[in-house]
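In what follows, a structure is listed as structure tokens, so that the remarks can point back to it.
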Amino acid sequence: MMIRRLLLPILAVMGLLLAGCAPKDGANDKPSNLPPPDAKLTPSLAPSGGSGGKYALFITNANSPFWDSVEAGMKKGTAETGAQAKMQRNTAGDVAGQIDLLTQALTKKDEVLGVCVSVLEPGAQGIADAMKKLRDAGVPVITMDADGKAEARTAFIGTNNLEAGKLLGQKVKELIPGGGKYCAFVGTKSAQNARDRIAGFKQGAGDKFVEVEIYEDAVDPNKAQSNAETALTAHADASILLGLWSYNGPLLGRTVKDQKKLDKVKVICFDAEQNLLPLLADGTVTVTCVQRPYEFGRQGVALLNLLAKGDKAGADKMLGGRDFIDTGVDIVTKENYPQFKAGLDAKGLKGS
Amino acid sequence: MSGLRRVFRAREWTLVLAVVAVVLAITVLGRGQQFASENNRTQLLRQIALLGTFAVGEAVVIIAGGIDLSVGSVIALGAMLSALAINRVAGAQPDAGLAGVLVALGAGALLGLLTGLFHSLLVTKLRLPPFIATLSTLAGLRSVSQLITNSAPVPVQIERFKWLADGTHAMYFFVAAAIAVGLLLGCTRAGRGLRAMGGNEDAARLSGLNTARLKTLAYGVCGVLAGIAGVLYASRSGQGDCRLGVGYELRAIAACVVGGCSLSGGTGSLSGVVLGVVLMETVLNGIGLVISRNATMWEGLVTGVVVVLAVTLNALRRER
């Protein structure tokens, strides 16, 4: 009876804590007001020495393979700068979980060199407050991947999704000069990165490309694939399928290939999950626009190291007089896939 | 005629008519040709088979008076484990043999069986309410499915594995599951016991039924079918993925309720659940065809309306 009395509340609390563990795309909620990508996207990071056993703390917005690339970049950054770094993934995937991680960082401020966080909800005041408390305690705070309130951080490192969408649109315009109707696919179309990517795509591709529908799948791979099949039936006149989130591309490619419609329908997408690579190599996917999360990690370690040392000149040089670093994107087609794959292999990455 | 009536009682005929009405509506709204196209037929049958495979398992638990909220997480973990298992056994050889596929199916089924047994233990020995017992595994197994590969999907490039859910092959599993559950519920003492326990557990126990064993059977069947469904989903998307199955327990429960199962137990039929699955998937398919803009946004609303209508009709029928 005692066991039962204890187990009920314990299990209920476990349920509440673990509920909502579903992974989210690691690239949500990007800012839309960034300038075009910098030509010097990957500056050489001069070694600047360690920081007395302290480590740069990276806090994610959720847990997904996207963060493996960031972690690989962190390791490169530590090797280049001599600083140490750790990643804490927000496995709860919610705002409260992220606030908890930021609060823990404040508790451990004596061992934290600085904090680099991917802000889950830019409008969440609790996250902004936790970031401000860290800064007030003398801990440098920067954001990566998804920006937060400007007053709560020193700088942002990430992708300009509007520009990324524009670059993809321009490439598609070049590859398919006649234009065509397209359906887009995404987990949640209200997400800032989805809105920016599709707005950028429209700007880059021009008026010859007409959007007929945006399908949402709530990050469910089965639903995403079912949406692709529905689109091929309901919008048979659409000649382009556009995958906006990382898992959409492989599922679209596979569906079009299975239905033997590669001669009529082109698949274009963002990012390069591991199972997209064979579809890129054989031309099933016409083109993809790949972020550089590796650079979030690499440059994040370097910037935090400079800020923690009070090297203002070094930090200003890295930021180029702005408060953000656009790490840029790679536009990958079958033609330049071998070089792209070689780059992944060199970094020890299975995807990006 | 009386035999046919036994198979399709009034409630099931209502569901048949509802399916026919949906198809007619799709046709009247000018999408009949697309609905009947080969690609759409394949898609619809596959979706029916995938949902149906674990919905009939959920029905066994509901008829027995319980509930299983963990099926979505079992699907995710089953998908991950089957992908890891087949890659381990068959390596990266695209032409790997049948053994690898059987190992993958076995991994999913075993996971489901163990989960079912764990639920049974919690419910019968610790006397936890089924809602709490399965809520804990809903959260816990999702977490495990993320932890085993750090949330990374597990791609499978093996053609035989892809075959499992290619085209309408998943229908074989659904039909087999439906026949097995139909025989269990309709032709065995255990099936009658499950229904009696769902109607009144105390009365069933006092009349000599081993209710603990019956609960083990119900949760075991539900777990195994959810695990196999996980393998099918992995086959379909070509990878084990911990993002699979979120909220699928609610879809299964909704299909059961639409099919005439009472959440208080004791009531429900296999044919009703199968028709419930067919109705729900046909409605979702029709939305995608008929609504040309923001179709996915309408799905939740329309599904909700279908569930409410079905439950209301069932309630009215019982009052008569």
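Check whether at least one residue in region B:258-272 is aliphatic (A, V, I, L, M), in contact (Cβ under 8 Å) with a residue 40 or more places away in the chain and closer than 18 Å to B:A170 by Cα, and report yes or no. No; the residues of region B:258-272 include none that is aliphatic (A, V, I, L, M), in contact (Cβ under 8 Å) with a residue 40 or more places away in the chain and closer than 18 Å to B:A170 by Cα. Listed by first and then second residue, the pairs linking a residue in region B:13-33 that is within 14 Å of chain A (Cβ to nearest Cβ) and at negative phi to a residue that is of a type in the set (G, A, S) and surrounded by 12 or more Cβ atoms within 10 Å (Cβ to Cβ), with Cβ atoms under 7 Å apart and 6 or more places separating them unless they lie on different chains, are B:I26/B:G32; B:I26/B:G286. Of the residues making up region A:176-222, those that are part of a helix (DSSP H, G or I), more than 14 Å from chain B (Cβ to nearest Cβ) and modelled with pLDDT under 90 are A:Q192, A:N193, A:R195. Highlighted here are the helices (runs of 4 or more DSSP H) found entirely within region B:97-187 that include at least 1 residues which are under 25 Å from B:A64 (Cβ atoms): B:98-124, B:130-147, B:170-187. Checking the structure you have, find out if any residue of region A:206-223 is buried (at least 23 other Cβ atoms within 10 Å of the Cβ), polar (S, T, N, Q), over 21 Å from A:V290 (Cα atoms) and in contact with a Lys or Arg (Cβ under 8 Å, 6 or more places away or on another chain). Yes, region A:206-223 contains a residue that is buried (at least 23 other Cβ atoms within 10 Å of the Cβ), polar (S, T, N, Q), over 21 Å from A:V290 (Cα atoms) and in contact with a Lys or Arg (Cβ under 8 Å, 6 or more places away or on another chain). Here is a list of conditions, (1) farther than 16 Å from A:G310 by Cα; (2) crowded, with 24+ Cβ neighbours inside 10 Å, and A:K132 meets all of them except one; can you say which number that is? Going through (1) farther than 16 Å from A:G310 by Cα; (2) crowded, with 24+ Cβ neighbours inside 10 Å one by one, A:K132 breaks only (2). Residues that are outside any helix (DSSP H, G or I) and more than 8 Å from every other protein chain (Cβ to nearest Cβ) within region A:223-237 comprise just one, A:D237.
Can B:G230 be described as out of contact with any Phe, Trp or Tyr (no Cβ under 6 Å at 6 or more places or on another chain), at pLDDT 95 or above and closer than 24 Å to A:P250 by Cβ? It is true that B:G230 is out of contact with any Phe, Trp or Tyr (no Cβ under 6 Å at 6 or more places or on another chain), at pLDDT 95 or above and closer than 24 Å to A:P250 by Cβ.
Scanning region B:198-248 for residues that are of a type in the set (D, E) and buried (at least 24 other Cβ atoms within 10 Å of the Cβ) yields one hit, B:D241. Of the residues A:A191, A:A231, A:A199, the single one that is touching a strand residue (DSSP E or B) at 6+ places or on another chain (Cβ under 7 Å), in the same structural domain as A:G283 (by TED's automatic domain parsing), among the small types (G, A, S) and in contact (Cβ under 8 Å) with a residue 12 or more places away in the chain is A:A231. Filtering A:T143, A:T154 for residues that are modelled with pLDDT of 90 or more and crowded, with 24+ Cβ neighbours inside 10 Å leaves a single hit, A:T143.
What are the residues in region A:166-186 that are among the small types (G, A, S) and more than 25 Å from the chain's Cα centre (by Cα), if any? The answer is A:G178, A:G179, A:G180.
Might you let me know whether region A:242-255 holds any residue that is out of contact with any Leu (no Cβ under 7 Å at 6 or more places or on another chain), under 24 Å from B:R243 (Cα atoms) and more than 12 Å from every other protein chain (Cβ to nearest Cβ)? Scanning region A:242-255, I find at least one residue that is out of contact with any Leu (no Cβ under 7 Å at 6 or more places or on another chain), under 24 Å from B:R243 (Cα atoms) and more than 12 Å from every other protein chain (Cβ to nearest Cβ), so the answer is yes. Of all residues in region B:84-139, those being of a type in the set (V, I, T) and either more than 14 Å from chain A (Cβ to nearest Cβ) or surrounded by fewer than 16 Cβ atoms within 10 Å (Cβ to Cβ) (or both) number 5. Scan region A:336-343 and tell me whether some residue there is touching a Gly at 6+ places or on another chain (Cβ under 7 Å), part of a helix (DSSP H, G or I) and crowded, with 16+ Cβ neighbours inside 10 Å. No; the residues of region A:336-343 include none that is touching a Gly at 6+ places or on another chain (Cβ under 7 Å), part of a helix (DSSP H, G or I) and crowded, with 16+ Cβ neighbours inside 10 Å.
The values are calculated or read from the model by the stated rules, or taken from the named source; none is laboratory data. Just so we're clear, the structure is a prediction, and the values are computed from it rather than from any experiment. All Cβ positions, even for glycine, are placed from backbone atoms using ideal geometry, and neighbour counts span all protein chains on display.
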